[in-house]
1. With 327, 317 as the choices, which residue is in a strand (DSSP E or B), in contact (Cβ under 8 Å) with a residue 24 or more places away in the chain and under 18 Å from the mean Cα position of the chain (by Cα)?
2. Can you confirm whether segment 472-491 contains a residue that is farther than 24 Å from residue 509 by Cβ and modelled with pLDDT of 95 or more?
3. If a residue has to be closer than 25 Å to residue 263 by Cβ and free of Cβ contacts under 8 Å to residues at least 24 places away in the same chain to count, how many in segment 211-249 make the cut?
4. Among 520, 562, which is surrounded by 14 or more Cβ atoms within 10 Å (Cβ to Cβ) and modelled with pLDDT under 95?
5. Which of the residues spanning segment 425-454 are touching a His at 6+ places or on another chain (Cβ under 9 Å), farther than 21 Å from residue 511 by Cβ and β-branched (Val, Ile, Thr)?
6. Taking the condition touching a Lys or Arg at 6+ places or on another chain (Cβ under 6 Å) and either closer than 16 Å to residue 376 by Cα or of a type outside the set (Lys, Arg) (or both), does residue 298 pass?
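The values are calculated or read from the model by the stated rules, or taken from the named source; none is laboratory data. It should be emphasised that the depicted structure is a prediction, and the values quoted were computed from it without experimental measurement. Here Cβ is always computed from backbone atoms with ideal geometry, including for glycine, and neighbour counts include all displayed protein chains.
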Amino acid sequence: MTDPRGWTVDPLTGVSAGLVDQAEAVRSIRDALAGDVGGRLWGGPSGWLGAAARAGEASLEGILGELATIAAGVLSLADCADATRVQLAGPLEAMHADLQVAEAVARTAPFEPTGIAAMLLEAAVGRRVEVSIGAVLAADARAALGFEDAVVSAHILLRQWNTAALRELLTAEGLPPGVPPPGTPPETVADWWASRTMAERDQLLVTSPAELGCLDGLPAGARDLANRLALAQFRTSYAESRRAAVESVRAALAAGDAKGLRAGLQALDDLGRRARFVATIEPTLNAYAGRTDAAGRPVIVQLLLADPDAFGGHGSAAVVFGDLDTAANVAYVVPGFRQRVVPELGNTALDAWRLHEADAGPGRLATVAWLGYDVPMGVDVAFAGHAVAGAARLRGALRGLRASRRSAGEPHLSLVAHSYGSTVAGVLLREDAHAGVDDLVVLGSPGLGVQHAADLHVPPGHVWVGAASGDPVGRLAQFGADPASERFGAQRFVAETARGDLWHPFEQHSHYFEVGEPSLANIAAVVTGRPGDVQGAAARGPATDNPLPGWPPLPLPLPFPLLGVGRAA
């Protein structure tokens, strides 16, 4: 620790003033650009007209807006410096006063006739100094927290305008030039990627594709390429890796090496598990390769996530239909009970594809089949543990989307969550006020972890519920109030189907994305920002929509998902 006698807030005054000067300089540049270039192009003698003029005007407005944002960001740093100076001034003044007393006591104590009293006084003053130094350090720590948001803003500005300065800043913060480790904030990942040259990015894609493919914050296009390269590398090395594992098992058996035998068998098991994962991912991608939209344009298919080792080897994956980096509307499809990547990825991908096809304006919507959490597989579906952990994963995915799209602007974002997946979405939106979700659509939901739609961080009137009358899961209210009920306060839409009968009630739990059903058209209207096209349905009253006609109303809550029927939840 440095000598506290030299601690001062004086440098912060200069820092704040310098930042204010820099912000004013940026504002001056903006004003000059608007007056000079804009005035000459549209208000002066040039008389520039037509489509090119409109495009130029839009480009100039974008630049002016970004310069204004930079100025605001620099001013926020100045404000942080001022706030830090104010927070530290009082504790520092008290500390320096205590240090002066301590020095005076130290000078006079040896000459005092009462030595024990002097020792006690010196000890008490020393303790007081320790407390005052601690108060300064605590104030400094609090002030440092205030800088975090400003640093993120600075990252954004540097990422867009000064790559060299960004590299310097990231290096100063200790971020290595290689791939950031798991758990790195998506905003930092986005800045790191922006600071790499094209040659460096290409090299990283070749050497570390699996690591890059799992990083929230990278552009979807880069993650798609990385994940496909990782699959290709596995496929190329699989035969040799398996041969080596088999040889190790044989050698261990011959030598009576129990530890080596266990390691070899584990290696074979891991290879087999990963091979099944790849054998699920690749056919799913191939099934949609070369497809076109309603206008005859090829549909982009992106492999956003492909981690065979997630969740103890069960794996995680996400497939995108459309361009996640540029789409005006983005919808994450979150599945429920028993929907693991192997072998169920195709089911959720089909749901996301059907939703993408139902887009009324081709090219505007990207849908994400998101199997990024550890889904419940048995009796654990009756509890919220998987939903809480899944909400944290989903939060990271959405933060990564926003971080990767800073330059393109944020899309209209929707979550379309089925069954237990709706509980995952509900936990996220109950806890996170900054998730940035514009619309929430829940289908056959056993509850969202809240008692009212107003308890979710979603704009009022933008919580939507699809609940078929014959769907028993939607009546459970296992995790809070029934979202389709009057008292919950969401907007219910028509989601009925003729499928299913008295003995197969769960068929009505899995029809919501079927082509030709009203449910799919209503979901598409929500996620593409057309709420006026949604066909509404009456909310459930206390004794309406009995899921089993002729039977008494269900006692609630009942663990229907525990039956484990197909895609029941």
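1. Every option except 317 fails the conditions.
2. No: segment 472-491 contains no residue that is farther than 24 Å from residue 509 by Cβ and modelled with pLDDT of 95 or more.
3. 10
4. 562
5. 437
6. In short, no.
Conditions tested, residue by residue: (1) crowded, with 19+ Cβ neighbours inside 10 Å; (2) basic (Lys, Arg); (3) in contact with a Gly (Cβ under 8 Å, 6 or more places away or on another chain).
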position	(1), (2), (3)
354	yes, yes, no
365	yes, no, yes
388	no, no, no
407	no, no, no
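So that you can scan it fast, the table gives a plain yes or no per residue for (1) exposed (fewer than 15 other Cβ atoms within 10 Å of the Cβ); (2) assigned to a helix (DSSP H, G or I):
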| site | (1), (2) |
| --- | --- |
| 248 | no, yes |
| 259 | yes, yes |
| 277 | no, yes |
| 280 | no, yes |
| 303 | no, no |
| 306 | no, no |
